[in-house]
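Below is one structure; the comments refer to it alone.
The values are calculated or read from the model by the stated rules, or taken from the named source; none is laboratory data. Keep in mind the model is a prediction, meaning the values are calculated, not measured. Cβ: placed from backbone, ideal geometry, glycine included. Neighbour counts: every protein chain shown. With ligands, DNA and RNA removed, areas are computed over all heavy atoms of the protein, side chains included. Shrake-Rupley method; radii C 1.70, N 1.55, O 1.52, S 1.80 Å.
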Amino acid sequence: MVVDAPPGAGAVTVERAAPAGARGAGAGVNGPAVLAPRARLWPALGAVYRAQLSRARVARIPLLFVATFQSLGIMILMRGVVDGGAEARAVVAGSSVLVVAFVALNLLAQYFGQLRASGGLDHYATLPVPAASVVLGAAAAYASFTVPGVLVTAVAGSVLFQLPLGGLWVLVAVIPLAGAALAGLGAALGLLAPRPELATLCGQLGMSAALLLGVLPAGGMPLVVQWVRDLLPSTYGVEAFARTFEARPDWGAVLLDLGVCAAVGVLSLALATRAYRWAATR
Amino acid sequence: MDSVETPNRAESRAVSAVSVEGLVKTYPPVRARRGTPAAPAVRASDRIGLDVRQGEIFGLLGPNGAGKSTLVRQLTGLLRPDEGSVQVLGHDLVRHPERASRLLAYLGQESSALDELTVGLAAETTARLRGLETAAARAARDEVLAELGLEPLAGRPLKKLSGGQRRLACVASALVGERPLLVLDEPTTGMDPHARRAVWAAIDRRRAEQGATVLLVTHNVIEAETVLDRVAVLDRGRVIACGTPGGLKAKVGDEVRLELVWRERAPVEIPEVAALGVTARASGRRWTLRLSPQEAREAVALVTGGPAFAALDDFRLATPSLEDVYVALGGRPEGTNGEPGEHGEPGGDGVEGLVKA
């Protein structure tokens, strides 16, 4: 029996043959102990995802209500200002994506900030788990928390502003892509912030930016603010979603927007993974 | 997979489980900022050398701030030493800190990564992240929960448990999935005696059945004396003594320790008591004396008979403990930073006094 082969771990490759007679206990006279297998990327990601999702039952549901009511409140507020047309589409799309920004950016930044400050990262750092599994698993779970809130907001908004409901299927792409971009950003902020309060602050600011720049119609903004708006990954999710409310959507533009979301998502998750490695082995 | 996994000749001669040489770690000074005063550089590990043999339960003993956790973080690849070498089961962890997670299980002092999970899911997830397949992870979870008597709590989130129960759940996560080296930072903090026994039994089983080596951080002297094969005493980043508990105790000679607890104050108007008081270390109503066996017998006779007895609340006579070793070696005694000492628990080799009604 060697350390490499826990019962049932048949699929795991043994990276180095055990020296004859070496016990699991290690070096002995036969050389260095055999290293136990690493956890593989996808199974570990699944385990982290499942664990994070289970936290929702304990800790996240009240916050999800807050996120949803915030978006509903904003839409009701804007109902008095906005009559319809492009502005109404922007308000509904912006409010829906705001739920994603609240949970994936703000709450994930707080979670990783607190985990790092309290030494909780040591737990993951002393397990043979790929950094990407921890970051992507947590990001995917936080993006998943947003699904009910986004759906409620989008449907309520469409009804409120008399927009067609037929295009809502695009949320199947908008939530994961905007979720990836914002969750990656949130995780990176939380892991890189020197203090947890700063992580919370950055998360809040990011969410405020998503709120102001996503919900308010872009037309009347000064040029500088429009540039900032272009830099924010949530903007592309908002625009992709807003376009699908049009009578004859420009699907090419929708795809382009979603492509930008996806590219930013890959980049921000890669950044978050690097940030995790850095934070775990400080 | 990188090529460095192949063992090299120099490494392969290692016979110890953990071998540390000339380990130095200095935390840089902290400049004063608003709200936080400046702190000078702290040498948390000061040329530490250690050798832990395979299958041994080895303890690191010392007060808060002695450098125990810093040392352990360097042994688990979490912290890079400034100088020195760390060999774990023949692997150089200074060059390859990422190998630590595949050699050892670590129980840190923090549970924040697991707090919101249920006890069962915490163990299962940890097993999965230790590389086990789903079915194996579930089997390992069930086994360790049964072993530690955690089955009734399996569905409860760690956050909702008492401190000792939460600690026990963390121990379960640390022990799930086989590892040849267990590094446990104060594993039994806050646990009741029943849970402590379960933890020690589980650790002992891993040693007996899997040949596991255990490196244990503690500042509980009583625990250290009863479970450790060998112990290193740390103070201010240095190893000030290393050996078996018995061997270390022999260093302080045959002096015994007499503790007297007075009801209100010591009856120093009795000349013999006043004479004892000259050599006593007084702490409130409690006097601690180190005496030869003959002197101790006379002192006990004095305080348990005659007028002094009326003023006496409790007494205890004990052979030297690791704490005495600790004090004799120049370390700061336990309890001097306002911590409760180790006196509250029944000791292994003490002669308990009669607690008078």
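Taking the conditions (1) within 14 Å of chain B (Cβ to nearest Cβ); (2) surrounded by 20 or more Cβ atoms within 10 Å (Cβ to Cβ) in turn, A:ALA275 satisfies each one other than (1). Among the residues of the stretch A:153-175, those that are within 30 Å of A:ALA132 (Cα to Cα) and without any contact (Cβ under 8 Å) to a residue 40 or more places away in the chain comprise A:TRP169, A:VAL172.
Taking the listed residues B:VAL252, B:VAL214, B:VAL231, the one that is farther than 14 Å from B:GLY62 by Cα, at pLDDT 90 or above and buried (at least 17 other Cβ atoms within 10 Å of the Cβ) is B:VAL214, with no other qualifying. Filtering the stretch B:98-119 to residues that are open to solvent by 10 Å² or more (accessible area, probe 1.4 Å) and more than 15 Å from A:THR126 (Cα to Cα) leaves B:ASP115, B:GLU116, B:THR118.
Identification of helices (runs of 4 or more DSSP H) wholly contained in the stretch A:182-255 with 1 or more residues that are in contact with a Lys or Arg (Cβ under 7 Å, 6 or more places away or on another chain), buried (at least 20 other Cβ atoms within 10 Å of the Cβ) and of a type in the set (A, V, I, L, M, F, W, C) yields A:196-215, A:233-243.
Does B:GLY253 satisfy the criteria of being out of contact with any strand residue (DSSP E or B) (no Cβ under 7 Å at 6 or more places or on another chain) and within 30 Å of B:ILE48 (Cβ to Cβ)? So B:GLY253 fits the description; yes.
Yes or no, residue by residue, for (1) assigned to a loop (DSSP other than H, G, I, E, B); (2) hydrophobic (A, V, I, L, M, F, W, C); (3) under 30 Å from B:LEU93 (Cβ atoms); (4) touching a Pro at 6+ places or on another chain (Cβ under 8 Å):
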{"position": "B:GLY155", "(1), (2), (3), (4)": "yes, no, no, no"}
{"position": "B:LYS159", "(1), (2), (3), (4)": "no, no, no, no"}
{"position": "B:GLY164", "(1), (2), (3), (4)": "no, no, no, no"}
{"position": "B:ALA174", "(1), (2), (3), (4)": "no, yes, yes, yes"}
{"position": "B:LEU184", "(1), (2), (3), (4)": "no, yes, yes, no"}
{"position": "B:ALA195", "(1), (2), (3), (4)": "no, yes, no, no"}
{"position": "B:TRP200", "(1), (2), (3), (4)": "no, yes, yes, no"}
{"position": "B:ASP204", "(1), (2), (3), (4)": "no, no, yes, no"}
{"position": "B:GLU209", "(1), (2), (3), (4)": "no, no, yes, no"}
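Across the stretch B:46-64, not a single residue is classified as within 11 Å of another protein chain (Cβ to nearest Cβ) and closer than 17 Å to B:LEU107 by Cα. Each residue in the stretch A:122-141 was checked for being at the interface with chain B (Cβ under 9 Å from one of its Cβ atoms) and under 20 Å from A:LEU53 (Cβ atoms), and 6 pass.
Residue count for the stretch B:66-102, restricted to those that are free of Cβ contacts under 8 Å to residues at least 40 places away in the same chain and more than 10 Å from chain A (Cβ to nearest Cβ): 2. Only one of (1) of a type outside the set (Asp, Glu); (2) more than 9 Å from every other protein chain (Cβ to nearest Cβ); (3) part of a helix (DSSP H, G or I) is not met by A:GLY46, so which one is it? Among (1) of a type outside the set (Asp, Glu); (2) more than 9 Å from every other protein chain (Cβ to nearest Cβ); (3) part of a helix (DSSP H, G or I), A:GLY46 violates only (2). Inside the stretch B:125-136, residues that are buried (at least 22 other Cβ atoms within 10 Å of the Cβ) and either on the phi > 0 side of the Ramachandran plot or within 8 Å of another protein chain (Cβ to nearest Cβ) (or both) make up a count of 7.
Taking the stretch B:156-207 as the range and being touching a Lys or Arg at 6+ places or on another chain (Cβ under 7 Å), open to solvent by less than 10 Å² (accessible area, probe 1.4 Å) and of a type in the set (Val, Ile, Thr) as the test, the residues that pass are B:VAL176, B:THR188. Screening B:ALA266, B:ALA274 for residues that are farther than 23 Å from B:SER321 by Cα, assigned to a helix (DSSP H, G or I) and at pLDDT below 90 leaves exactly one candidate, B:ALA274.
Would you confirm, using the coordinates I've provided, whether B:LEU75 is over 27 Å from B:VAL221 (Cα atoms) and open to solvent by less than 10 Å² (accessible area, probe 1.4 Å)? Here the answer is no, as B:LEU75 does not meet what is asked.
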